[in-house]
1. Take the eigenvalues of the Cα gyration tensor for the stretch A:136-289, scale each by 5, and report the square roots as semi-axes in whole Å, largest first.
2. Which links in A:Lys191/B:Lys366; B:Lys121/B:Lys191; A:Lys191/B:Lys121 stretch past 30 Å when you go from one Cα to the other?
3. Quick one: which residues, 5 or more positions from B:Thr212 or on another chain, have an amide H under 5 Å from its amide H? H modelled 1.01 Å from N in the peptide plane, none for Pro or chain starts.
4. Given 20 Å bins starting at zero, what is the percent of C-alpha pairs of the protein assembly as shown in each, up to the one with the largest pair distance?
5. With Rg and the Kirkwood Rh both taken from Cα atoms, where does Rg over Rh land for the stretch A:167-234?
6. So what are chain A's ellipsoid semi-axes, whole angstrom, largest first, if each one is the square root of 5 times an eigenvalue of the alpha-carbon gyration tensor?
7. Kirkwood Rh and Cα-based Rg: tell me the resulting Rg over Rh for the stretch B:91-225, rounded to two decimals.
8. Once amide H atoms are placed 1.01 Å from N in the peptide plane, what residues at a sequence separation of 5 or more from A:Thr119, or on another chain, have their amide H within under 5 Å of its amide H?
There are 2 protein chains.
Amino acid sequence: MNDTYAHRIGETSVVVRGPDGRPLADRVVTVQQRRHAFSFGNIGFDFVSLVGGPGDEASAGVFGGAAGLGLETLAAEFTHLFNTATLPFYWGGYEPVRGRTDRQRLEATARWLVGRGVTVKGHPLVWHTVQPSWLLGLPAGEVERLLRARVRELVSGFAGLIGTWDAINEAVIMPVFANGDNAITPLARSKGRIAMVRLAFEEARAADPGATLLINDFDLSSAYECLIEGVLEAGVRIDAIGLQTHMHQGYRGEEYMGRMLDRFARYGLPLHLTESTLVSGHLMPSEIEDLNDYRIPSWPSTEEGEARQADEIVRHYRSLVAHPAVAAINYWGITDNGSWLGAPVGLLRSDGSRKPSYEALESLIKGEWWLPPTEMRTDASGAIRVRGFHGEYEVDGMPFTIGASGAPVSSGTGAPSVR
Amino acid sequence: MNDTYAHRIGETSVVVRGPDGRPLADRVVTVQQRRHAFSFGNIGFDFVSLVGGPGDEASAGVFGGAAGLGLETLAAEFTHLFNTATLPFYWGGYEPVRGRTDRQRLEATARWLVGRGVTVKGHPLVWHTVQPSWLLGLPAGEVERLLRARVRELVSGFAGLIGTWDAINEAVIMPVFANGDNAITPLARSKGRIAMVRLAFEEARAADPGATLLINDFDLSSAYECLIEGVLEAGVRIDAIGLQTHMHQGYRGEEYMGRMLDRFARYGLPLHLTESTLVSGHLMPSEIEDLNDYRIPSWPSTEEGEARQADEIVRHYRSLVAHPAVAAINYWGITDNGSWLGAPVGLLRSDGSRKPSYEALESLIKGEWWLPPTEMRTDASGAIRVRGFHGEYEVDGMPFTIGASGAPVSSGTGAPSVR
């Protein structure tokens, strides 16, 4: 815990009190961290079938599915590192047949995760890929009406369970996307990008005013900066900027990431690394432009690849957590089963065993950046001083928080005591 | 004149009248085109020294200078093909010492060109390159005040002589430009791109409400689309979209150009190909990202290169003139003397002789797309029907116009006669 992470660390004074409300002076107590304030997330796609059942034919196979791993095993491995799960709401998977949605399974999954203390995020409300075939060919006005209705229904329907949404995905390429016919691209082309962003945010905001709404893109060039500037100038309120970093073609390095984060940090909004992946096998050739175009029968995880992935995931997370503007990192793969493009991006192998990357990430999230159960002695006024990463803590089972403000708190019964 | 250029061609009926105002029936008359409505332009940088004198040390060497060619020779070669000249108003060249501007020479040059029927355009009002050294280090507020004053003074000072301006140049890269310290990049970084565009257009518009104001960029990616969408959404009125196509690394082909033009045409604004070049020597290596980084002692024009340039300039101009949204093409080089980067991009060699590209362009602008002196016979009512590229024409020395509307006109004395 050096200066690199100073912006993540707080120190707080906690008065420990007995059942009668009196401070317990000169007493040995056990302090430990319960949860990071920082959002360490991963996709929870694999949980949908395990919790909600197999679903019908039409919804199957849309990203994820953790064959071979039992629910409790997967959940234990997931929640040991991650406090946030992203669930899939791709229109094509969610509503494969018009009017027949996968809501039941997703609601059950979200509820199950929330019950285990996991924050759930939805992805994505508006996108041009993974589209239902029945939408194609409908008039633009009808597509817009259906899209607006979908956004409203999802966000209001899941309010209370899901409070964070990728409101619009990949708006930079949306109007000029040429890698698959869909009904959204022509709409974006005729309305313009900013109008599409406004549509997504307006509908979602109206449906749940308290939700955290993201714009999200893989295009991290000046194009995305220009789009964000246009959207902000147009008065659309964005809660966080989503930055994808699928690195199937190789880790881009700390210097690239630092420069990139600085460029987007200047809008004063939290940055969410929404989709981050590092492969533990061979790299995708760099000449592939749309990653979706790379389809191979098998993409194995290798010993060498796993060592590289472990090394890079540490470098990557260190550089992101060190940047003050970053508020969330969402890794894009828990197991290799059913991963996007069949790439070995998971932290667990297909058989459920941990890759070195899992343990490497554990050494940060639950190691260097974490306060394990620790004995401390209260002073004469019953207080201890605790220093650690922002988050939720407990002392002898009583909860307290270390926040960015470093405000003093009190544990146990009675009113908080400010010293 | 086939369908490819149908949107450029009009047909008009002209009643030819005698000195007494009566229609001249059944008379042989000579019709000819005087000028294209389409803006065929080139840089007029070379004229500044020839018309205005050598200038002082500080202003010298900022793009252009046509050593060896006399003024009248150059003017004859220029005006034979081009009806529009772009003059340089780079801040670093125009005001190399604070308060000491090159106004006198530029005003003399503009006046001289206008006197010869050439439309003059100014380039650029706001840019981050070719900056005066005295500006660097001033506080941002002072830089903004000086920039606003410069825009106002140039546009109002030249109103009547110069009615078209590149109001802002390369705004996409402006806030993240890293290839040279300057005072504009930090300003753009703190204000944002859209605010910079607004600044340029607001000041220029206020200074000359009738001026045609362009946004101009070399970045033709989605970034520029996003910027334009943001600017339009923010309510800034743009009169034309400027698209640079410096092709030192090779002609990009009709297909690329067509797709690119289609992308920018969807904003419903005229497209100006503001800076187009094709080299008549070896090509710049494709790995150079900022063309300014390629500096070689000598870049000769070669026979093979000249043949290629001639072929490509015809293909390029044909594809641009064929696109209905294009309203102007400005070539970026008349002679190879003092050309940007020392590249052999001119249509005239350094010794003033014509390259094949000059003659190739002549075969279009003054050949296939031009009506040379042509004898016609008036009908019983004194009328002739003339079909040709939009522009200015004359019949027996009396002017008439073929416009986009194809409205009938009358030549000679007396009121126009509508038939």
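1. Over the Cα atoms of the stretch A:136-289, the semi-axes work out to 27, 20, 16 Å.
2. Values: A:Lys191/B:Lys366 41 Å; B:Lys121/B:Lys191 27 Å; A:Lys191/B:Lys121 33 Å.
Cα-Cα > 30 Å for A:Lys191/B:Lys366; A:Lys191/B:Lys121; rest within.
3. It is B:Thr164, B:Trp165, by chain and number.
4. Cα pair-distance distribution for the protein assembly as shown, in percent: 13, 36, 30, 15, 4, 1, 0.
5. Rounded to two decimals, Rg over Rh is 0.97.
6. 38, 24, 22
7. Dividing the radius of gyration by the Kirkwood radius yields 0.96.
8. Result for A:Thr119 returns A:Thr84, A:Ala85.
The values are calculated or read from the model by the stated rules, or taken from the named source; none is laboratory data. None of the values given here were measured: they were computed from a predicted structure. In this analysis, Cβ positions are derived from the backbone assuming ideal geometry, glycine residues included, and neighbour counts consider all displayed protein chains. These accessible areas exclude ligands, DNA and RNA; they are computed on the full protein's heavy atoms, side chains included. Shrake-Rupley method; radii C 1.70, N 1.55, O 1.52, S 1.80 Å.
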